[in-house]
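Notes follow the structure.
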Amino acid sequence: MLIKKEKKGSVTIYYVDKDIPDDKAETLKNKKVSAKNIKLIIRDDADVYDNTTGELVAKFRKEQLNKEHVDLFYDNIIKFAKNVTSNRGSTSGSKSMNVGDNPKIMSNIFGYFDGFSPSQKLIFKKKGMKTPLAVRETRFNAESPEKYKKTVPLIQEIDEQYEKLVPDKYKLQKKKANQTPFRIANTAFTTITTNVNFQTTIHKDAGDDPDGIGNLTVIERGKYTGGETCLPQYSIGIDVRTQDVLFLNVHLWHGNLPIHKKTPDAIRLSIVCYLRVTLWEKTKGKTRKFMERHVKTLKNLKQKV
């Protein structure tokens, strides 16, 4: 619910209150956002604050990202990003505990991850060896290192915008990132999630740095409407498009509106950069040499089996 707004240069400052109180907000969980419940869609530069607590809800800036970096990222990630998975559970709308029953969606991760894939676990079992430290390169990094390198300039730009727009939270997250070699370039991020044409249900993020703030960028191809990122407790949405950057308190309930294709080739590629706390906890204080040995060991195991 919009309480008031004011202008500060080119940025509109919004003060909002929750239409749905916290003690009733659990009813939103894993439901899809409905456009009829969203009263305000923000499409221009904005800062959004909770009118009651004064806490930052979101910062949104239009056309901040370099188009060459955006296109380079897209061209090198899109084939991988279209891989289908059924392991996103409730955020895909599934109520089943059986992964095989979940909807198949295009949602993938790259960078570094804490935990091994089933195929890696099978290798350890066949070798009769003790499971190594459960931190690894993702498949995209390992199998497409040159493509991975070409995604980095955009990730570094998002990192720069983070430092510029939300410096207090960036400082806390970057301090953690500096303590682990398992991160992307010199950024505050260890991991990236990509989603293609995916309407997430209403959820709160878990596993990211609680001292930081979430972010979202989008790359469009073809024509579509919808897909706005919404905070249904506040009845607001934000229309993130190519070259825009959004910083969002992802520990509030959020999800996105349905995507309606206007052309058959329409793609909404969303990108979320974050620091995985459990990965940081497992690797803080480790050296780059340790990381290189660890990554090499895992690659050699896969090649030998």
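A few remarks follow.
- Of everything in the stretch 6-35 that is outside any loop (DSSP other than H, G, I, E, B) and among the acidic types (Asp, Glu), the residue that is nearest to residue 201 (Cα to Cα) is 26.
- Residue within the stretch 79-89 that is at pLDDT below 85 and of a type in the set (D, E, K, R) present: yes
- If you go through the stretch 164-201 and keep only what is more than 25 Å from residue 85 (Cβ to Cβ) and touching a strand residue (DSSP E or B) at 6+ places or on another chain (Cβ under 6 Å), you end up with 165, 166.
- Residue within the stretch 45-57 that is under 21 Å from residue 225 (Cβ atoms), touching a strand residue (DSSP E or B) at 6+ places or on another chain (Cβ under 8 Å) and surrounded by 13 or more Cβ atoms within 10 Å (Cβ to Cβ) present: yes
- From the list 257, 231, 275, the one residue that fits, being crowded, with 20+ Cβ neighbours inside 10 Å and under 12 Å from the mean Cα position of the chain (by Cα), is 275.
- If the condition is being part of a helix (DSSP H, G or I) and of a type in the set (A, V, I, L, M), then the stretch 132-183 contributes 142, 152, 154, 155, 158, 165, 172, 177.
- Candidates 217, 194, filtered to the one that is farther than 28 Å from residue 292 by Cα, of a type outside the set (Gly, Ala, Ser) and outside any helix (DSSP H, G or I): 217
- In the set 146, 163, only one residue is modelled with pLDDT of 95 or more, of a type in the set (Asp, Glu), closer than 26 Å to residue 212 by Cα and more than 16 Å from the chain's Cα centre (by Cα); that residue is 163.
- Odd one out for residue 238 among (1) over 19 Å from residue 165 (Cα atoms); (2) in contact with a Cys (Cβ under 9 Å, 6 or more places away or on another chain): (1)
The values are calculated or read from the model by the stated rules, or taken from the named source; none is laboratory data. These figures come from a predicted structure and were not determined experimentally. All Cβ positions, glycine included, derive from the backbone under ideal geometry; neighbour counts span all protein chains shown.
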